[in-house]
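These notes are about the structure you will find just below.
The values are calculated or read from the model by the stated rules, or taken from the named source; none is laboratory data. Everything numeric here is computed off the predicted structure, so don't read it as measured data. Don't worry about glycine lacking a Cβ; one is built from the backbone with ideal geometry, like all the others, and counts go over all protein chains shown. Each accessible area value is taken on the protein alone, full model and side chains, heavy atoms only, with ligands, DNA and RNA left out. Shrake-Rupley method; radii C 1.70, N 1.55, O 1.52, S 1.80 Å.
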Amino acid sequence: QVELVESGGGLVQLGGSLRLSCAASGSAFSMTIMAWYRQAPGKQRELIARINTSENIYLKDSVKGRFDISRDSANNTWYLQMNSLEPEDTAVYLCYGREFDKETFKWRDYWGQGTQVTVSS
């Protein structure tokens with residue numbers, strides 16, 4: 001059973017930094033696509049950062065220059081470094097992973113449980 005476990009959320013002041021981690025356990029294969037989404041109250045879930053095994057990175061425009069995504073393939077873990085945080089960044093942050101199951105030849109998607117990030121002004 002694959003599980004994504006997030007850590008690193010919390011309360012931070014305007015302009016502060018946080019680093020979120022997402023560790024995948026129970027997977028026989030490495031994640032091919034790793035990403036971070038966020039969902040603020042009353043808003044839709046949105047993709048904010050994605051990285052793949054080729055190190056291609058996508059960042060949502062509103063976080064470019066402030067956030068960065070990286071991965072540790074050896075440990076099947078990925079990170080979201082968040083700097084210059086703003087109150088608008090307040091949300092539940094969820095990690096997402098997609099792997100290709102080489103036994104069944106199917107893509108499988110996984111989600112973390114979510115971690116709260118609150119930025120106070």
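Ala40 label point, 7 Å along Cα→Cβ, cut-off 11 Å on backbone N: hits in the stretch 68-99? Residues passing the 11 Å test: 86-92. Starting from the stretch 35-121, pick out the GluC sites (Glu not before Pro) whose DSSP state is loop and whose Cβ has at most 12 other Cβ atoms within 10 Å. The qualifying sites are Glu55, Glu103.
Would you mind getting me the FRET efficiency between Glu103 and Lys60? Use the beta-carbon distance for r and R0 = 35 Å, nearest 0.05.
0.55
3J(HN,Hα) along the stretch 86-92: 10, x, 5, 7, 4, 4, 8 Hz, from the Karplus curve 6.51 cos²θ - 1.76 cosθ + 1.60 with θ = phi - 60°, whole Hz, x for Gly and Pro. Surface composition of the stretch 1-117: carbon and sulfur make up 45 percent of the accessible area, probe 1.4 Å. Among Ala49, Tyr37, Gly65, pick out the residue whose Cα is farthest towards the positive end of the charge dipole of the stretch 34-75, where Lys and Arg carry +1 and Asp and Glu carry -1 on C-beta, about the Cα centre. It is Tyr37.
The HN-Hα couplings worked out from phi for the stretch 108-115 by the Karplus form 6.51 cos²θ - 1.76 cosθ + 1.60 (θ = phi - 60°) are 10, 10, 9, 10, x, 7, x, 9 Hz, whole numbers, x standing for Gly and Pro. Under 23 Å of direct C-alpha separation, and excluding same-chain neighbours fewer than eight residues apart, Lys102 reaches no lysines at all. Within the chain, what is the longest stretch that has no trypsin sites (Lys or Arg not before Pro) placed in a DSSP loop and near at most 16 other beta-carbon atoms within 10 Å? Counting only loop sites that pass the neighbour cut-off, the longest clear stretch is 1-42. Solvent-accessible area per residue in the chain equals 55 Å², computed with a 1.4 angstrom probe and all protein chains kept. Restriction of the chymotrypsin sites (Phe, Trp or Tyr not before Pro) in the stretch 31-111 to DSSP coil positions whose beta-carbon has at most 10 other beta-carbons within 10 angstrom yields Phe105.
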